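Reading through the structure tokens given below for one structure.
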Amino acid sequence: MNNKMAVRGGAGDILEPKVGTRPQDNLYLAVNSEWLENVKIPSDRSRIASFDNIDLDVEKKLMKDFADFADGKKEVADVPNLKKAVELYKLARDFKRRDEDGAKPIQADLALLEGIRDFADFNLKAPDLFKAAFALPFSFDVDADMKNTKINVLQFFGSSIFLPDTTTYKTDAAQKLLDVLKKQSIELLKMAGLSAGQAEEYVDDAMKFDDKVSKVVKSSEEWADYPAMYNPMPISDFEKKITNFKMDYFLKEALGEVPDRVIVAEPCYLNHFDELINEDNFDEIKGWMIVKFINGVASYLSQDFREASFPFSQALSGQPELQSQEKQAYHLANGIFSEVVGVYYGKTYFGEDAKKDVLSMIHKMLDVYEERIKNSDWLSEETKHKAIVKLRALILKIGYPDKIEEIYDRLHVTPASEGGSLYSNARAAEIEQVKYNVEKLHKPVDRSVWLMPGNLVNACYDPQRNDLTFPAAILQAPFYDLKQDRAENFGGIGTVIAHEVSHAFDNNGAQFDEYGNMKNWWTDADYAEFKKRTQAEIDLFDGIKYGPVTLNGKQIVSENIADQGGLTAAVQANKGENGDMKKLFENFARIWANKQLTESIKTQVSVDVHAPGPERANVQSQCQEEFYKAFDVKEGDGMWLDPEKRVVIW
């Protein structure tokens, strides 16, 4: 091949399957072309990937179990609060009742929003709207203080927006997407009993407000800089910036107190708060709240409402069909009782043998990581020591939690026989969530809480708890299988484990210590070198063309640093066991197999902090010396990347 073909991501179009491709030219296509040619995207999804394949299997198992529980064919398993999840499932599955009720369940809440008379009335009612979990054009959340993770603190955020990201508003598709949402919202409001004129007025106002908000909220790229959220401010200074809205009254009524300080996650929004939240904009704010409400609640209502609320998400994802009623019923129950369902899944489908084996792999990866840090040629001894302390302090969460979080004990499901509807129960759960979150203000941070349920096909690192979570659902083929070659497991779950470990040392994680506190533990020279290498990782991916989009290196840098560290550590672990390197790289490419609709690619790339799977497979492999050796990749091959362009951090 001509050397000009050697590019980041390999030769050819990575989205187009080409059976017979050599791994030296495009590893991803060599491994996945046959699968890509034969696989079909399910009609109620917008993509199919290795993650989704497992997810479909998990979904199938759990849907059958829920149907059997609900029909009395199987006794509800002895898992705390699972009976409640089944009760909610029954309400969600009863479409006869949902169709008969139509818009009835939401009438009181819609009337409440419509009844807000003017800006003074909005000021008065805002605390109750917050406590009742309605969307407001700003929000508060209680979470660990980044500089003292033992305590919880109040955080301030701006408004949500209608399109996926601020950058979406600048694309050619923006107007078309907003028109779909506009038409959908008018239709939903009319179905809820409003006149066409009134519905149009609310929606026009909502669009005007959304347009203003979209110019001042953070983009996905800005949110990707995690420490930039930390802007502590005395409450008096915070309140001084807000003159039109009675913030002191709001906090007192919504939280029961006015805290001493607040962490401002979106300073830009706070600086524009007055020009957005004021008397002149009242009609727009009200319209926005009503449009947010009707689109948010439609899925709890009749089949007509579900269908009428589908066009916008369809325009964003390209998904051809609405999810079946049975499937939606399961997903609603799973959404509200996620941890409960996850514990049931883990106890039922995740074996102790697998847990032990995965645990041994995690310890193996931690040992390899420690070795890599010790042998690093760009870190000083002082920084190495601190990094190893952080590494060894990592808390491991594998499979599913031993205890279910308290919030689930507090959720109650009122059955239909006692007048409960799906909507009333979902609303009650949201209201309880808000209350539970606010109560954390005076409680110490609970480090035992899991960020992911056991039935989720994913994994994560939490910089503020310095913990790793590997839910039971991801611990299966192609990521992991007791029966598959150890080298394949290193290429699968091994890279995933080390990827999450690497997050402790990515551009965000590197700014937090072993207790999860935001604290600089680097020497100046080491940190300067780290920033230089981070920039190289940004440049490595920036501007890569992926189908209809171009990748933004800055937005996806933390995940790319983690991929780099994850693959490097897995390669070293495999080398230590004399494992087959080809098998490792092939399985690494296999776990990123992905077929996706064009609309979904556009939406995902605008908001996701991960690079698309196929690029993760190829670009990271191109930076590994062992890849070149295993497949005898030479200059002129499509996967060749000049040595000075290869990026190694961890």
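Below, the figures for the structure above:
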{"read-out": "Cβ pairs under 8 Å, 6+ apart, first in region 519-531 and touching a residue at least 24 places away in the same chain (Cβ under 8 Å), second basic (Lys, Arg) and open to solvent by less than 100 Å² (accessible area, probe 1.4 Å)", "value": "Trp521/Lys386; Trp521/Lys390; Trp522/Lys386"}
{"read-out": "Residue that is modelled with pLDDT of 95 or more, aromatic (Phe, Trp, Tyr) and out of contact with any Leu (no Cβ under 9 Å at 6 or more places or on another chain), where the choices are Phe156, Phe130, Phe95, Phe138", "value": "Phe95"}
{"read-out": "Test: residue in region 403-422 that is part of a helix (DSSP H, G or I), among the hydrophobic types (A, V, I, L, M, F, W, C) and either open to solvent by 60 Å² or more (accessible area, probe 1.4 Å) or closer than 23 Å to Asp513 by Cβ (or both)", "value": "no"}
{"read-out": "Any chance Phe305 is open to solvent by less than 10 Å² (accessible area, probe 1.4 Å), in a helix (DSSP H, G or I), of a type outside the set (Gly, Ala, Ser) and in contact with a Pro (Cβ under 6 Å, 6 or more places away or on another chain)", "value": "no"}
{"read-out": "Residues of region 476-497 that turn out to be outside any helix (DSSP H, G or I) and either open to solvent by less than 10 Å² (accessible area, probe 1.4 Å) or over 15 Å from Ile54 (Cα atoms) (or both), as a count", "value": "6"}
{"read-out": "Neighbours by Cβ (under 9 Å, 6+ apart or cross-chain): first from region 82-106, closer than 15 Å to Ala428 by Cα and without any contact (Cβ under 8 Å) to a residue 12 or more places away in the chain; second of a type outside the set (Asp, Glu) and part of a helix (DSSP H, G or I)", "value": "none"}
{"read-out": "Residues of region 214-254 satisfying the condition of being open to solvent by 20 Å² or more (accessible area, probe 1.4 Å) and within 23 Å of Ala132 (Cβ to Cβ)", "value": "Asn244, Lys246, Asp248, Tyr249, Lys252, Glu253"}
{"read-out": "Residue list for region 174-205, restricted to those being surrounded by fewer than 15 Cβ atoms within 10 Å (Cβ to Cβ) and over 23 Å from Pro137 (Cα atoms)", "value": "Lys176, Ser195, Ala196, Gly197"}
{"read-out": "Filter result for Ala504 (without any contact (Cβ under 8 Å) to a residue 24 or more places away in the chain and buried (at least 20 other Cβ atoms within 10 Å of the Cβ))", "value": "no"}
{"read-out": "Given (1) touching a residue at least 60 places away in the same chain (Cβ under 8 Å); (2) within 30 Å of Gly256 (Cα to Cα); (3) open to solvent by 20 Å² or more (accessible area, probe 1.4 Å), index of the condition Leu154 fails", "value": "(3)"}
{"read-out": "Candidates Ser417, Ser424, filtered to the one that is under 25 Å from Phe305 (Cα atoms) and free of Cβ contacts under 8 Å to residues at least 12 places away in the same chain", "value": "Ser417"}
{"read-out": "Region 349-386, residues that are more than 27 Å from Arg486 (Cβ to Cβ) and either in a helix (DSSP H, G or I) or of a type in the set (Val, Ile, Thr) (or both)", "value": "Glu381, Glu382, Thr383, Lys384, His385, Lys386"}
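The values are calculated or read from the model by the stated rules, or taken from the named source; none is laboratory data. Predicted model only: the values in this text are computed from it and were never measured. Note that we place each Cβ from the backbone using ideal geometry, even for glycine, and neighbour counts take in every protein chain shown. For accessibility, only protein heavy atoms count, side chains too; no ligands or nucleic acids. Shrake-Rupley method; radii C 1.70, N 1.55, O 1.52, S 1.80 Å.
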